[in-house]
Every structure is written in C-alpha cells, then in structure tokens.
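Beneath this line is the structure, given in structure tokens, with notes to follow.
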Amino acid sequence: MHNVVIVGSGCAGLTAAIYAARANLKPLVIDGYEQGGQLSLTTHVENFPGFPDGIMGPELIENMRKQAQRFGAEFKAGAVSEVDLSRRPFKITVGKDTYETRSLIVAAGASARLLGLPGERELIGRGLSTCATCDGYFFRGKPIAVVGGGDSAMEEANFLTRYASKVYLIHRRREFRASKIMIDRARANEKIEFVTPYVVQTIHAPQGHVDAASVRNVESGEIRDLTVDGVFVAIGHDPNSTVFKGKLEMDSNGYLIAKHGSLTSVPGVFIAGDVQDHRYRQAVTAAGSGCMAALDAEKFLEEHIG
C-alpha cells in the first residue's frame, strides 16, 4: 500500500516526487511512456531559473531524479495500462504489477506530434524542435522552417523571426486552421514566407545536424529544396491521458481538467504538468504544478488518513 503514486517522470512528476518524499510520504513514481518527459529530448535549456549558463535537458531531469531518490522516492519503469479510481485505495496497473495507493498524482505529460519521417526523432536537438520558446535562441541569423497551420504554428513563426534570418511556414493546405488575426500577423511579417500547399518530404542532416528540407507540392508534385538550419514542428501535442478516459474529466482534446489548483472531481486524485496544460507547456510551469499537486496530496492524506 502506497501513500502516493505519481504517474510520469518529467518535470512535473519529479517535482511532485521531491515534495512528497520530503514530506515522508515515500512516493512511488511510474516512469511512463517517455522516461524524463519532453525535457529528456531537449538539448540545451537556457530559461530554467538558477542556471545562468543553461543546462542540458537530460542533465536537469537526472538531477531532479537523484534529488527525489535522496529523499526516499522509489521509481518503477513502465507505463500505466489500467487504473481503477472507483474507490480508495486506487489500483494502478503497470505491466503485470498492480499497486494500491491512497492518493494519485497524474503527471503523465503530453507528447509533441511529429511528422512521421524516418529518423526524425533522432534529429530532435540537432536542428529539429517542437518548442520555439525553448530553442529559437539557437538559430540567431539562420534560416528555419515551421511546419503547421494552426494558431501555434503562426505564433511560433512570428516568435522565431526575432532570431531567424528567414522563416518558411510550410502547410499542406492553402487554407489555415489558425485565426484570421494570427494569419494576418504572420503575412504582415516580412521575414515569413508561406510555402503552401506543401508537405515535408525529407529533412536533410548529412553532418548530423539539419541543413535543408525537401518539400513536395501536394497538388503538382513539384519538389522544392529549402536551405534551413532548423525545422520547428508545430502540429500540436497529444496529452498522455488515454488510460484515464471516462475516469477523470477531460476536454475534447484529452487534456485533464482541474477543479481547483491540482484537484480533480475524484477526491485523492491530483493532476500536474502538460497532461492538464495546453497553454504554457514550460518546464518551470510543469515543476510549479508538480509542487502544487504534492502539497495538495499531502493535505488530503493528513485529513483522510491522519
């Protein structure tokens, strides 16, 4: 029997683990689909407070993990396949093992959608990115491409013109899902060139770092080569919440909904990080919400278990 089980080992889950462990709750952390979450796929993190020279994403995650372990957090590899939240203690199934817990923190994160090209995942941090605010700074004075047609793609393209010499905005259709104001803003920006209706066919990285992208016109089949140092994929994120469908409240995109702070409609279940945040999606906001969830879980256990 566990006092608290934490699902997810990214910034939110590990911060929750540090706080819960320091409160002597001996949390069990289930690593989840991507151990370390999205930060483990990021190279250099320059905007996390306290690191004036920046820190490598995997190193930051490893430090947080060690910190949680030092205070007594336990870790279990694997992803949650089933949950029973109908009564306490809750039951959490990971592979062949089932755990019982008095409280649950869901910090399962979200996964950025990729284009599905061969070798694409290996290029993350080597010119391929899914986060403009994380990585835009590294492309000062260089040409880059943004792929997508929604508000986030327009926003990222506009943001990246602060750094890049040119931004190609690639979208598979002539029409965009983005709001008119965002499209108008992007069209008014002289650094942005719209490349429609095109899809990315190949991302070239002969030296191990992106240096070009080949795009194909979906109407004519024409291939065009773009010289770019970076490709930013902005086609959305999917929260890792499938296992909680019908058990916790979620919006139409699958993001879990908090009633207040980290509290859900199920007493004893708390949520943190990108699994419930489709707006900010930053390491520091995820960490903050992990702290909130752990404090809320501690208060809940005090009131209900004593």
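What nm value, rounded to one decimal, do you get for the distance between LYS191 and PHE48 when each label is placed 7 Å out toward the C-beta?
2.7 nm
Need the list of lysines near LYS142 for cross-linking: C-alpha distance under 27 angstrom, and skip anything on the same chain fewer than eight residues off.
Partners within reach: LYS166, LYS191.
If you wrap a convex hull around the alpha carbons of the stretch 1-134, what volume per residue comes out, as a whole number of Å³? Don't skip to the end; give the middle numbers.
Working: hull volume 16.4 nm³, N = 134.
Given the Cα convex hull of the stretch 1-134, per-residue volume reads 123 Å³.
In square nanometres, what is one fourth of the surface area of the convex hull spanned by the alpha carbons of the chain?
16.9 nm²
Given Cβ point charges of +1 (Lys, Arg) and -1 (Asp, Glu) and nothing else, what value in debye, to the nearest 20, does the dipole of the stretch 121-233 about its Cα centre take?
Details: 16 positive and 14 negative charges, 28 e Å.
Magnitude of the dipole: close to 140 debye.
Kirkwood-based Rg over Rh for the stretch 121-233 (C-alpha set), two decimals?
Working: Rg = 13.0 Å, Rh = 13.8 Å.
Over the Cα atoms of the stretch 121-233, Rg/Rh equals 0.94.
Using only C-alpha atoms and all pairs of different ones, pull out the Kirkwood radius for the stretch 169-306 in Å with one decimal. Don't skip to the answer; put the middle values down first.
On the way: mean 1/r = 0.0534 Å⁻¹.
Computed over the stretch 169-306, the radius equals 18.7 Å.
Two decimals, Cα atoms only, Kirkwood Rh: what is Rg/Rh over the stretch 189-236?
Numbers: Rg = 11.6 Å, Rh = 11.7 Å.
We get a ratio of 0.98 for the stretch 189-236.
Using the crude model of +1 on Lys and Arg Cβ and -1 on Asp and Glu Cβ, and no other charge, please compute the dipole size for the stretch 79-175 relative to its Cα centre, in debye to 20.
Computed about the Cα centre, the dipole is about 160 debye.
Among MET56, MET292, MET1, MET154, rank each residue by its count of other Cβ atoms within 10 Å, from fewest to most, as a rough exposure measure.
On the way: MET56 16, MET292 22, MET1 7, MET154 28.
Fewest-to-most Cβ neighbours within 10 Å comes out as MET1, MET56, MET292, MET154.
Could you pull the Cα extents of the stretch 225-306 along its three principal axes, largest to smallest, in whole Å?
65, 28, 17
Identify which of ASP184, ASP97, ASP274 has the largest mean-square fluctuation in a Gaussian network model of the chain, with springs joining Cα atoms closer than 10 Å.
ASP97
Compute the long axis of helix 283-304 from its Cα atoms, compare it with the longest principal axis of the Cα atoms of the chain, and write down the angle in degrees, 0 to 90, nearest 10.
20 degrees
Once phi is turned into ³J(HN,Hα) by the Karplus curve 6.51 cos²θ - 1.76 cosθ + 1.60 with θ = phi - 60°, what whole-Hz value does each residue of the stretch 23-32 show in order, with x for glycine and proline?
7, 6, 8, 6, x, 9, 9, 8, 4, x
Quick one: which of LYS76/LYS247; LYS76/LYS299; LYS259/LYS299; LYS245/LYS299; LYS26/LYS91; LYS180/LYS259 span more than 21 angstrom between C-alpha atoms? If you can, show how the numbers build up before the last one.
On the way: LYS76/LYS247 23 Å; LYS76/LYS299 25 Å; LYS259/LYS299 16 Å; LYS245/LYS299 26 Å; LYS26/LYS91 17 Å; LYS180/LYS259 32 Å.
Distance filter (> 21 Å) returns LYS76/LYS247; LYS76/LYS299; LYS245/LYS299; LYS180/LYS259.
Enumerate the whole-percent occupancy of each 5 Å bin, from 0 to the last occupied one, for all C-alpha pair distances of the stretch 46-106.
4, 14, 18, 16, 15, 14, 8, 8, 3, 0
Values in this text are rule-based calculations from the coordinates and carry no lab data. Remember, predicted model here, so these are calculated numbers, not experimental data. Here the Cβ is made from the backbone with ideal geometry for all residues, glycine too, and neighbour counts use every protein chain on show.
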